[in-house]
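Inspection log for the structure reproduced underneath, given as structure tokens.
The values are calculated or read from the model by the stated rules, or taken from the named source; none is laboratory data. All values derive from a computational prediction rather than experimental measurement. All Cβ positions, glycine included, derive from the backbone under ideal geometry; neighbour counts span all protein chains shown. Areas reflect the complete protein model, heavy atoms only, side chains present, ligands, DNA and RNA absent. Shrake-Rupley method; radii C 1.70, N 1.55, O 1.52, S 1.80 Å.
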Amino acid sequence: MPEGEVAIRLAFYLLNLPTASQSVTVCLDRHHVQSGGKIVFPAREFMLQEGRMLVEQNGKHSWLGIYEKQRHRLIISANSRGGDVIAEVGKKHVRAECKRGNLERSAGNPENKLIHEAIGQLMTVEEYAENDVLLVAVPSGTSQRAKLVWQRRPLMVKVGISLVLVGRDGAVEGLPNLSG
């Protein structure tokens, strides 16, 4: 599952939480959509297939802008300084770094490096507030399920970084309590 899809599926999930704001920002730059001249994630087409209509195009790429469905707005921006997914849920400010990954078991654990990279990205955010919830989001695949134990590791708990698994079916596992 490409990184852009992980980010957008997490954003859809967050938008549907009862206390979520009506708007979530997803940061997709050119590298999330194209690599080596090939399309790795057709973001605009994906949004349209999911019933999201582009109501305002912003930026030099066709997938950047504001998409709406019912009362929800998903803003796709190229600016990723605050995280790949940024949302307000209740009184919490959610920041997620998302990574791509295999949905089926593969030789070795290529996702480990990507998860470590995402943890490093969260550790170097420029701003942090007490109500921030920090997430690393990866596809929900066989090899990633075991990694949910990582969020119980002492420093992950102390820093407050949670690992969440995002499924193609829209399910999200490992999300911390966002109420209050």
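Of all residues being part of a strand (DSSP E or B) and among the aliphatic types (A, V, I, L, M) in the stretch 156-180, which is most open to solvent (accessible area, probe 1.4 Å)? Just the residue, please.
Quick first cut of the stretch 156-180, residues part of a strand (DSSP E or B) only: 161-166, 172-173.
Add one more test, that the residue is among the aliphatic types (A, V, I, L, M), and what stays is 161, 163-166, 172.
Details: Ile161: 5, Leu163: 3, Val164: 0, Leu165: 1, Val166: 1, Val172: 21 Å².
Only one residue tops the list, namely Val172.
When Glu68 is tested against the conditions (1) within 19 Å of Val133 (Cβ to Cβ); (2) in a strand (DSSP E or B), the lone failure is (1). Of the numbered criteria (1) under 25 Å from Ala171 (Cα atoms); (2) touching a residue at least 24 places away in the same chain (Cβ under 8 Å); (3) open to solvent by 70 Å² or more (accessible area, probe 1.4 Å), the one Ile115 fails is (3).
Does Ser21 satisfy the condition of being in contact (Cβ under 8 Å) with a residue 40 or more places away in the chain and crowded, with 17+ Cβ neighbours inside 10 Å? When the stated conditions are applied, Ser21 does not pass them. Within the option set Asn58, Asn79, being under 20 Å from Ala118 (Cβ atoms) and surrounded by fewer than 16 Cβ atoms within 10 Å (Cβ to Cβ) holds for one residue only, Asn79.
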